[in-house]
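Trainee: Could you have a look at this structure, given as structure tokens, before my questions?
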Amino acid sequence: RSDQTDTGSVSLDFTKMTAPSCQLSSKVKKCGRCGGQGYLVEPVQAYVRAEICDCVTNCPVCFGQARKIENGNSVACRVPSPKRITGAMNQAEIPARYVKATLSGFDNTSGNGRQVLERVRGHLKNIKPTGAKGIVLSGPVGVGKTHMLAAMARYLVEQGFSVRFTDFFQLLGDLRAGFSDGKADSTLLAPLIEVDFLLIDELGKGRGKDFDKTVIDQLVTGRYNQNKTIFATTNYQLKAAKPGYMYNIELDRDPSGMSDFAPDRFGPLETRVGSRIYSRLQQMTHFVDLTGSDYRATEAQ
């Protein structure tokens with residue numbers, strides 16, 4: 001967690017937002033390990049993983065049961081429940097590299113990052129898993145799109161929602177491998193459709209074949225029909241394709257070896273996902289361009 005806040009902005013301080021309701025437990029309120037959240041987060045192999053902190057298991061109010069008796073009723077010892085957040089975090093599959101990614105920690109303000117950050121914060125403030133629009137972030141490589149998406153995933157988890165973060169290109173690989181093993185696509189796609197919030201990184205990345213578009217169609221249509229929210233990032237332009245525009249470059253086989261955000265290489269998103277899905281994304285999400293310099297290149301200097 002980052003304690004940094006922008007002056008005049010709405011702070012998403014997760015510690016305050018998940019403050020314990022076990023008022024009798026000084027251990028919980030002053031825990032030096034978790035900061036009072038009730039859980040610890042760390043990278044384990046490919047993903048971010050969470051575990052319950054000792055201050056919860058040793059809580060003198062609920063004795064580690066996460067429930068307590070109040071006025072004769074069984075109520076949660078903390079809201080949101082650390083156990084629920086831990087389970088949701090471990091199901092979210094946030095990449096390990098982004099274990100420290102928070103909205104407050106986003107600091108690439110070389111372009112319009114500050115304005116986009118405030119828009120994202122405001123959008124997430126009262127978000128609901130159904131009936132709410134998501135966001136598709138587009139921008140050049142290295143401006144922090146994945147960081148922001150991972151930070152959104154963590155924020156949503158810490159509000160008690162079920163979340164799945166998926167890299168679209170990796171998903172395609174998993175589906176192909178599953179098909180070879182005799183597994184149906186529905187087995188792998190169902191959890192992504194049913195979860196409260198789906199976050200897709202690198203939307204449109206791939207070879208642009210019919211298989212790729214079929215996967216996008218199944219994901220978007222499945223959630224569209226259930227009125228569920230999608231958040232995504234893409235390197236492709238959010239503007240609609242010009243009439244007669246053709247885009248046939250396979251990025252993974254681009255002989256130039258270049259991957260900068262440019263119209264001649266990263267064409268319109270519509271050409272990658274198809275007009276029908278593009279239209280649905282327009283209805284389901286806000287299209288937002290994130291600008292700025294390549295943060296990774298700056299750090300490498």
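Trainee: For residues that are among the hydroxyl-bearing types (S, T, Y) and farther than 14 Å from P95 by Cβ, scanning just region 152-211, find the one that is farthest from the chain's Cα centre (by Cα). Explain how you work it out, then say what you get.
Mentor: Of the residues in region 152-211, the ones among the hydroxyl-bearing types (S, T, Y) are 155, 162, 166, 180, 186-187.
With the extra rule that they be farther than 14 Å from P95 by Cβ, the set shrinks to 155, 162, 180, 186-187.
Numbers: Y155: 9, S162: 11, S180: 28, S186: 22, T187: 21 Å.
Residue satisfying both the conditions and the ranking: S180.
Trainee: Answer yes or no as to whether F106 is open to solvent by less than 30 Å² (accessible area, probe 1.4 Å), farther than 25 Å from N227 by Cα and part of a loop (DSSP other than H, G, I, E, B). Full working, then the answer.
Mentor: Details: open to solvent by less than 30 Å² (accessible area, probe 1.4 Å): yes; farther than 25 Å from N227 by Cα: yes; part of a loop (DSSP other than H, G, I, E, B): yes.
Yes: the conditions hold for F106.
Trainee: Looking at this structure, is Y47 modelled with pLDDT of 85 or more, of a type in the set (F, W, Y), open to solvent by 30 Å² or more (accessible area, probe 1.4 Å) and within 25 Å of L290 (Cα to Cα)? Walk me through how you get there before you give the answer.
Mentor: On the way: modelled with pLDDT of 85 or more: yes; of a type in the set (F, W, Y): yes; open to solvent by 30 Å² or more (accessible area, probe 1.4 Å): yes; within 25 Å of L290 (Cα to Cα): no.
So Y47 does not fit the description; no.
Trainee: Sticking with this one: Being under 18 Å from M148 (Cβ atoms) and either at pLDDT below 90 or part of a loop (DSSP other than H, G, I, E, B) (or both), is that true of even one residue in region 218-235? Break it down into steps so the answer makes sense when it comes.
Mentor: Initially, region 218-235 is screened for residues under 18 Å from M148 (Cβ atoms), giving 229-235.
Then drop every residue that is not either at pLDDT below 90 or part of a loop (DSSP other than H, G, I, E, B) (or both), which leaves 235.
Yes - at least one qualifying residue is present in region 218-235.
Trainee: When you look at D181, is it touching a Lys or Arg at 6+ places or on another chain (Cβ under 9 Å), farther than 26 Å from G267 by Cβ and not small (G, A, S), yes or no?
Mentor: Against the criterion (touching a Lys or Arg at 6+ places or on another chain (Cβ under 9 Å), farther than 26 Å from G267 by Cβ and not small (G, A, S)), D181 does not qualify.
Trainee: If D252 meets every condition in (1) open to solvent by 50 Å² or more (accessible area, probe 1.4 Å); (2) at pLDDT 70 or above; (3) in a helix (DSSP H, G or I) apart from one, which number is that one?
Mentor: (2)
Trainee: Which one is modelled with the lowest pLDDT among residues in region 255-288 that are of a type in the set (F, W, Y) and open to solvent by 40 Å² or more (accessible area, probe 1.4 Å)? If you could, list the steps in order and put the result at the bottom.
Mentor: Residues of region 255-288 that are of a type in the set (F, W, Y), as a first pass: 261, 266, 278, 287.
Of the ones still in play, those that are also open to solvent by 40 Å² or more (accessible area, probe 1.4 Å) are 261, 287.
Details: F261: 38, F287: 97.
Across region 255-288, the extreme among qualifying residues is F261.
Trainee: Against the definition (in a strand (DSSP E or B) and small (G, A, S)), how does S74 come out, yes or no?
Mentor: On the way: in a strand (DSSP E or B): yes; small (G, A, S): yes.
Yes, satisfied.
Yes or no, residue by residue, for (1) modelled with pLDDT of 85 or more; (2) open to solvent by 20 Å² or more (accessible area, probe 1.4 Å); (3) in a helix (DSSP H, G or I); (4) in contact with a helix residue (DSSP H, G or I) (Cβ under 9 Å, 6 or more places away or on another chain):
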{"residue": "K16", "(1), (2), (3), (4)": "no, yes, yes, no"}
{"residue": "L24", "(1), (2), (3), (4)": "no, yes, no, no"}
{"residue": "Q65", "(1), (2), (3), (4)": "no, yes, no, no"}
{"residue": "I69", "(1), (2), (3), (4)": "yes, yes, no, no"}
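The values are calculated or read from the model by the stated rules, or taken from the named source; none is laboratory data. This one's a predicted model, so the numbers in the text were calculated from it and none came from an experiment. Glycine gets a Cβ as well: all are built from the backbone with ideal geometry, and neighbour counts include every protein chain shown. In case anyone asks, the SASA skips ligands and DNA or RNA and just uses the protein heavy atoms, side chains included. Shrake-Rupley method; radii C 1.70, N 1.55, O 1.52, S 1.80 Å.
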